[in-house]
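Asks: Right, I'll just put the structure down here and ask away after.
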Amino acid sequence: MPWTRDQLAQRAARELRDGFYVNLGIGIPTLVANYIPDDMEVTLQSENGMLGMGPFPYDDEIDPDLINAGKQTITALPKSSFFSSADSFAMIRGGHIALSILGAMEVSERGDLANWMVPGKMVKGMGGAMDLVAGVKRVVIVMEHTARDGAPKLLHACSLPLTGVRVVDLVITDLGVFEIDKAGDRPMALIELADGVSLDEIRAKTEAAFEPRLRQAA
Amino acid sequence: MADKLLPDAQSALAGLTFDGMVVMSGGFGLCGIPENLILALRESGVKGITVISNNAGVDGFGLGLLLETRQIAKMVSSYVGENKEFERQYLSGELQLEFNPQGTLAERIRAGGAGIAGFYTKTGVGTLVAEGKETRSFHGEDYVLETGLVADLSIVKAWKGDAEGNLVYRKTARNFNPMMATAGKICIAEVEEIVPVGALDPDQIHTPGIFVDRIVKGSFEKRIEQRTVRKREAA
């Protein structure tokens, strides 16, 4: 069975470490916040100018001056701080954020990422994605393994305009987990399979070259 | 010393607008936008504006109001996905659009306001954003040259301010406002509350008054784009 959206978020949450400052993208990455282990201290950064994001507010707590990067109403925590967009991106581009979890349209076997633009369609913009992949220490992608029409999204080379070149460290899809040696020469490796997914199925749905380096199930 | 305090957004804008001008407008989504000055710009009838703003408002609110009246010729933004009228004008060729990565946009404005002509960043290297721009290697890594941004006018929104132009922002409504305050030839701030000079703690002022030329008290709707709540568990 391929992983569900929540299972994807749960798997991505295993990339968190105690003490990490983390930026979560919009969509499935946002769900990762629901799976932070209780015994772990993780501080969520929101690029519109907040460190230490709390849960969504109760109805009577809503504050229009307090939103996340997805423009959703949010709450603060005792440890929270607020700052300008310039300070926010100093954190991001200055390498002060340990981990970013983002969505993707395409990822190449050497770690190129495309997640902001489809030529010929209305382009909404890259927002902070290019800054995040350029500056955050480790970039984890969470996405469906194939596009809606079944086309592979893990490719030899991206066909869409890039968000960043050699920026992705790990790709978690609904079928498995891939490790990318973005700074070196080792080939992309398949390190985990979703329950009940076969190597043959993954091979059939992946264009990118990869070598199986499967770990024992955790 | 000239009095910076003006009675309303219309009088604050008086004598400052001209067709083809470049305006920076603060805010992230609809959070921390200068609602009153956007309305005053609409009423002024100024045309052909280039607007530098992270987003383009929504239909019928924020910068969407200036799109409705076709007063904007060009937007410089990082994300504009929430606006149908924007999409229509862009796809029909009526509206020009320049995308900047959000951090690059923030830093270009910060640099412009600080008199810095350009800076090198890793953001966008190897992408469309870097096309036609100088790239240079530092310590074995490639960086792209981005230039500072300035504007004829910047309009910003703060929480509290005084007649000296000192400003304090509130929560995530700060966002692009402090940098934009520094990068306009003229900066007008609108605030929720005007407090007496001396009432703000000098250690807690976010934008020192030197950057602010005019200040007005506004009234605010503070529309919410994505109202997201959780349910209380039954007691």
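Asks: Compute the longest continuous run of chain B that contains no exposed trypsin sites (Lys or Arg not before Pro); treat a site as exposed when its DSSP state is not H, G, I, E or B and it has at most 12 other Cβ atoms within 10 Å.
Replies: On the way: sites that count: B:Arg230, B:Lys231, B:Arg232.
In chain B, the maximal stretch lacking such sites is B:1-229.
Asks: Which of the lysines could a cross-linker span from B:Lys157 if the Cα-Cα distance has to be under 18 Å and same-chain partners fewer than 8 positions apart are dropped?
Replies: Once the sequence-local lysines are set aside, what remains near B:Lys157 is A:Lys71, B:Lys4, B:Lys171, B:Lys185, B:Lys217, B:Lys222.
Asks: A further question follows. List, by residue number, every residue in the range B:1-43 with a reduction of 30 Å² or greater in accessible area between the chain on its own and the complete protein assembly, 1.4 Å probe.
Replies: Listed by number, the residues meeting the 30 Å² cut-off are B:Phe28, B:Cys31.
Asks: Is the C-alpha gyration tensor of the protein assembly as shown telling us rounded, prolate or oblate? Criteria: a/c under 1.5 is rounded; beyond that, a/b larger than b/c is prolate, otherwise oblate.
Replies: It is prolate, given that a/c is not under 1.5 and a/b is the larger ratio.
Asks: Okay, moving on. Report, in whole Å, the centroid distance computed from the Cα atoms of the range B:157-225 and the range A:101-127.
Replies: Answer, in whole Å: 36.
Asks: Show A:His156, A:His145, B:His206 ordered by accessible area, largest first, where the area counts protein heavy atoms only and the probe is 1.4 Å. List each step's numbers first, then the result.
Replies: Working: A:His156 95, A:His145 5, B:His206 65 Å².
Descending order: A:His156, B:His206, A:His145.
Asks: Which residues, if any, in the range A:119-139 lose at least 10 square angstrom of accessible heavy-atom surface (probe 1.4 Å) when the other protein chains sit next to their chain rather than the chain being alone?
Replies: Residues passing the criterion (a loss of at least 10 Å², heavy atoms only) are A:Met122, A:Val123, A:Lys124, A:Gly125, A:Met126, A:Gly127, A:Met130, A:Asp131, A:Ala134.
Asks: Still on this structure: How many percent of DSSP beta bridges within the protein assembly as shown run antiparallel, rounded to 5?
Replies: 40
Asks: Could you work out the local net charge near A:Gly111, counting Lys and Arg as +1, Asp and Glu as -1, over the other residues with Cβ closer than 9 Å to its Cβ?
Replies: Working: positive: A:Arg110, A:Arg166, A:Lys182; negative: A:Glu109, A:Asp112, A:Asp169, A:Asp181.
Neighbourhood net charge equals -1.
Asks: At 0.36 nm per residue, minus the direct Cα-Cα distance, what do A:Asp60 and A:Glu211 gain on full extension? Give it in nm, one decimal, please.
Replies: Contour length minus Cα-Cα distance gives 49.1 nm.
Asks: Taking R0 as 41 Å, what FRET efficiency do you get between B:Ser44 and B:Leu145 from their Cβ-Cβ distance, rounded to the nearest 0.05?
Replies: Here the calculated transfer efficiency is 0.70.
Asks: Now, a different point. Using a 1.4 Å probe on the protein heavy atoms, what percent of the accessible area of the range B:110-235 belongs to carbon and sulfur?
Replies: After summing per-atom areas, the C and S share lands at 49 percent.
Asks: What spacing in nm lies between the two simple spin-label points modelled at B:Glu94 and B:Asp203, each 7 Å away from Cα in the Cβ direction?
Replies: Computed distance between label sites B:Glu94 and B:Asp203 equals 5.3 nm.
Asks: I want to check the label-to-label distance for A:Asp38 and A:His96. Put each point 7 Å from Cα in the C-beta direction and report it in nm to one decimal.
Replies: That separation, rounded to one decimal, is 3.2 nm.
Asks: In addition: Go through the range A:1-68 and name the GluC sites (Glu not before Pro) that are in a DSSP coil and have 15 or fewer other Cβ atoms within 10 Å of their Cβ.
Replies: Within the range A:1-68, the qualifying GluC sites (Glu not before Pro) (loop, at most 15 other Cβ atoms within 10 Å) are A:Glu41.
Asks: In nm², what is the average projected area of the convex hull enclosing the Cα atoms of chain B?
Replies: Convex hull of Cα atoms, orientation-averaged projection: 17.0 nm².
Asks: Additional query: Who wins for biggest fluctuation among B:Ala151, B:Ala40, B:Ala56 in a Gaussian network model of chain B, springs between alpha carbons below 10 Å?
Replies: Result for chain B, Cα springs under 10 Å: B:Ala40 fluctuates most.
Asks: Could I ask something else about it? In terms of the Cα gyration tensor, with a ≥ b ≥ c the square roots of its eigenvalues, is the range B:1-117 rounded because a/c is under 1.5, prolate because a/b exceeds b/c, or oblate? Show your work: numbers first, answer last.
Replies: Numbers: a/c = 1.69, a/b = 1.18, b/c = 1.43.
In terms of gyration-tensor shape, oblate.
Asks: What are the lysines whose alpha-carbon lies under 20 Å from the alpha-carbon of A:Lys121, with same-chain residues fewer than 8 places away excluded?
Replies: Of all the lysines, those that pass the test against A:Lys121 - Cα under 20 Å, at least 8 places apart if same chain - are A:Lys153, B:Lys74, B:Lys84.
Asks: Which GluC sites (Glu not before Pro) does the range B:62-142 hold that lie in a coil by DSSP with at most 16 other beta carbons within 10 Å? Before the final figure, lay out each step's value.
Replies: On the way: sites: B:Glu68, B:Glu82, B:Glu85, B:Glu87, B:Glu94, B:Glu98, B:Glu107, B:Glu131, B:Glu134, B:Glu141; in loops: B:Glu82, B:Glu94, B:Glu131, B:Glu134.
Answer in residue order: B:Glu94, B:Glu131, B:Glu134.
Asks: Another one. At a probe of 1.4 Å, how much accessible area disappears from chains B and A on forming the pair, both sides counted, to the nearest 100 Å²? Each step should come with its number before you reach the end.
Replies: Values: alone 12240 and 11370 Å², together 19450 Å².
Summed over both sides, the interface buries about 4200 Å².
The values are calculated or read from the model by the stated rules, or taken from the named source; none is laboratory data. Keep in mind it's a predicted model, so treat the numbers as computed, not measured. Cβ sites come from the backbone with ideal geometry, for glycine too, and all protein chains shown count toward neighbours. Accessible surface areas use protein heavy atoms only, side chains included; no ligands, DNA or RNA. Shrake-Rupley method; radii C 1.70, N 1.55, O 1.52, S 1.80 Å.
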